[in-house]
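Here is the structure we will look at.
Every number here is computed from the coordinates shown, using simple stated rules; none is lab data. The model shown is predicted, which means the values in this text are computed figures rather than measured ones.
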Amino acid sequence: MRPRSDTLFYRAAALAALLLLMAAPPASAQTTTFNNRADFQSSLSSFVVEDFTPTAHLNIASGVLNSSTTESGLSPGDIEAGVTYSVGVDPSLGPFQFNIDMGGTGLSGGILDGLRLGRADHPLTVKFDAPTEGFGFDTSTVVMGNQFTVLFNFADSTSWAKTFTIPAPATLAFFGFRTTGAGITSAMIAGNERSFGFGLDNFTFQRGTVSAVPEPISLALFAPGLAVVGLLKRRRRDTTKG
């Protein structure tokens, strides 16, 4: 007959394995698309709207825009914290590649656009300081073309990509993206077949609230299992010596 200490040891090991499974990272994120701004905003517990200032700031030559940017008349804090927008500037394409411009059909005030940029070879990258549950923006065919593609990277190392059609030329369109599970860490946005590869206004997002690592409660559950196994192994070793 197996000694009682051995039985307890294997039971504790099984418990520890079960707790390890409970602490495993969540399944891949699921993404819902919104075309109604009010519905999208109501799905978030909080959100920030970036209007890219009410005036033009032409040619952000570094290709990087965030709350610390001081190029082209911008001051720290003009851009909402929590997001960095960037493009791969290509000197061969000339000036005014990455700009805060003065509107377009259906868009008002400053809009973020890229002249001859933003297509598949030079997409706009949107990187969040911490994983976020969702973001959205207004656009139109005037600045984005008839279609655009978005690629998401999630905190669990998965990704998701899809191409969207922008309705009715010269009208304002909203696209929002809400994730469950792992949060969005970054997105790449590419328009097609326009001199302006992208054009965004009223970029709306929830500041990072999703943990990119296993939740502390899961780790707290796993730790006692390891402690029990260690204790029983030591007790078993002491019993053997005796």
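Available extension along the chain between Asp39 and Thr180 is 49.2 nm, counting 0.36 nm per residue and deducting the alpha carbon span.
Give the value in nm², to one decimal: projected area of the alpha carbon convex hull of the range 28-211, averaged over all directions.
Working: hull surface 37.5 nm².
Average projection, Cα convex hull of the range 28-211: 9.4 nm².
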